[in-house]
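Colleague: Sharing a structure, written as structure tokens. Questions coming.
The values are calculated or read from the model by the stated rules, or taken from the named source; none is laboratory data. Since the model is a prediction, treat every value here as computed from it, not as a measurement. Every residue, glycine as well, gets a Cβ built from its backbone with ideal geometry; the counts of neighbours run over all protein chains shown. Note: accessible area is taken over every heavy atom of the protein model, side chains too, but ligands, DNA and RNA are not part of it. Shrake-Rupley method; radii C 1.70, N 1.55, O 1.52, S 1.80 Å.
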Amino acid sequence: MKKNMTGLVIVILIVFFLFGNMASAFSPVPTGFGVFLSGPPGWFPGFFAPAALPVLPPLDEPKMGLSAEEATALSNMTPGTSTFVWFKLPAFFGNQELTWTSSDPSVATVTALPGRAGRINAKGPGTALITVSTPDGAYTYSFLVTVR
């Protein structure tokens, strides 16, 4: 009987080790994804703590700046090429239209497109500052375009 109890205790300890605090599994308030995430977000009790789990934004998430990939592409343009940049403002901005301007049209021009997008056209070597803003000035964002 003692040998059977030892095996049972080992199984219980392994389950507790892998799945964390079992008391939270029976709680009326869900914690994370049940027993698998019974601690703070991103923490697996007694098992491992991952550095970062990827989190995908909702489809309606505002886009109010450039991604790293977009910024890299805009810093290495060649004359005669073009690329598209788009923004999605949060709903609390009443006017969703955007105004696009270039500080140096001899380096890069920008054309406003429907749907809050802009087409950046590389013209000649240099650096230009592209500014995107709402007509009322409630939102303004600027970024550099480098043409080599």
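Colleague: Given the Cα atoms of region 105-148, and with Rh set as the inverse mean 1/r over their pairs in the Kirkwood sense, what is Rg to Rh to two decimals?
Modeller: Values: Rg = 11.3 Å, Rh = 11.2 Å.
So for region 105-148, dividing Rg by the Kirkwood Rh gives 1.01.
Colleague: So, one more: Given 0.36 nm per residue, what is the gain on full extension from residue 142 to residue 106 after removing their alpha carbon distance, in nm? It would help to have the intermediate numbers written out before the result.
Modeller: Values: separation 36, 0.36 × 36 = 12.96 nm, distance 1.77 nm.
Working it through step by step, the gained length comes to 11.2 nm.
Colleague: From the phi of every residue in region 93-108, what ³J(HN,Hα) in whole Hz does the Karplus formula 6.51 cos²θ - 1.76 cosθ + 1.60 yield, where θ is phi - 60° and glycine or proline is x?
Modeller: 7, x, 8, 8, 6, 10, 10, 10, 9, 10, 6, 9, x, 6, 9, 8
Colleague: Hey, another quick one. Ignoring ligands, DNA and RNA, please state the percent of accessible area on region 87-148 from carbon and sulfur, probe 1.4 Å. Present the calculation step by step, with values, prior to reporting the outcome.
Modeller: Numbers: 1690 of 3100 Å².
Carbon and sulfur atoms account for 55 percent of the accessible area of region 87-148.
Colleague: Just to confirm a number: summing +1 for Lys and Arg and -1 for Asp and Glu over residues other than residue 113 whose beta-carbon lies under 14 angstrom from that of residue 113, what do you get?
Modeller: On the way: positive: 88, 116, 119; negative: 97.
Every neighbour counted, the sum reads +2.
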